[in-house]
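What follows draws every value from the coordinates through simple rules; no lab data is involved. Note that the structure is predicted; figures quoted are calculated from it, not measured. Because the Cβ atoms are built from the backbone with ideal geometry, glycine has one as well, and the counts that use them run over all protein chains shown.
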Amino acid sequence: MIMKKQNKNIKLYDKNINYILKTSKRAKQVRLAIYCDGSLVATKPWWMSEKTVEKFIIKKANWILSKIEHFKQFKKNNSLERNSKDEQEKYLKYKNEAFKFASERVNYYSRIYKVKFNRITVKNQKTKWGSCSKKRNLNFNYKILLLPKHIADYIVVHELCHLKEFNHSKRFWNLVAEIIPDYLEIRKEIRKKGLDYY
């Protein structure tokens, strides 16, 4: 659960970098995410100071700047430009198929985990691939349909496991590992692709 969101700025070498600082009740450590539009988001636990986050960002300066430059190349070619009209058209085109896909995978894995859920919703989100609410509703980004199957399955399993453990504790990751023992490798792959998912 995100408690607070702030717009911040930091100097990395000779560059001024804007970023969003989120404070989360569920975060256990600092997490950095760089999205395909080149934006940087830092998420910290509620108890951690902003100074500690800044030190961590400076420590990761080379990685951050290289990722931002990487996404700028694509942006120049307009291949990753976010056009709200085009994005809405894609969402409308794929949402029904994405819902069928997500429902099939959720039903399959929910039987294995023996968990019950309330409702599945497919949304057009910028920064999230999936979420699980305390009302046991499961939400998925329609683009889950366009991901490699093993990553899509990881996202589905991840959210289903939150129905048993509404946190990212060791028990939670043990649940994930029951079905996806190589989840750590998948998480590395997701980060390499520039996607953000835990």
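Round to a whole angstrom and tell me the spacing of the C-alpha centers of the range 1-39 and the range 149-196. Computed from Cα coordinates, the inter-centre distance equals 22 Å.
Where q = 0.13, 0.15, 0.22 Å⁻¹, what log10 of I(q)/I(0) comes from the Debye formula for the range 84-192, counting one point per Cα? For the range 84-192, the Cα-only Debye profile gives -0.46, -0.61, -1.26.
Charge tally around residue 9: other residues with Cβ under 11 Å, Lys/Arg +1 each, Asp/Glu -1 each, net +2. Of 55/164; 72/135; 85/114; 22/85; 11/192; 28/114, which sit over 32 Å apart, Cα to Cα? Beyond 32 Å between Cα atoms: 55/164; 72/135; 85/114.
Counting charges near residue 174 (Lys, Arg +1; Asp, Glu -1) among other residues having Cβ under 12 Å from its Cβ returns a value of +1.
Taking 7 Å steps out from each Cα toward its Cβ at residue 25 and residue 41 produces label points 1.9 nm apart. Counting every C-alpha pair in the range 2-76, the share spaced more than 18 angstrom apart comes to 37%. Calculated on the alpha-carbon coordinates, the convex hull of the chain measures out at 129 cubic angstrom per residue. Based on C-alpha pairs under 8 angstrom that are at least 6 apart in sequence, the chain has a relative contact order of 15 percent. The packing ranking of peptides 97-104, 10-17, highest mean first, is 97-104, 10-17, where packing means the average number of other beta carbon atoms within 10 angstrom of each residue. Calculated [222 nm] ellipticity per residue, helices only, for the chain: -14500 deg cm²/dmol; basis is -39500 (n - 2.57) per DSSP H run with n ≥ 4, divided by all residues, nearest 500.
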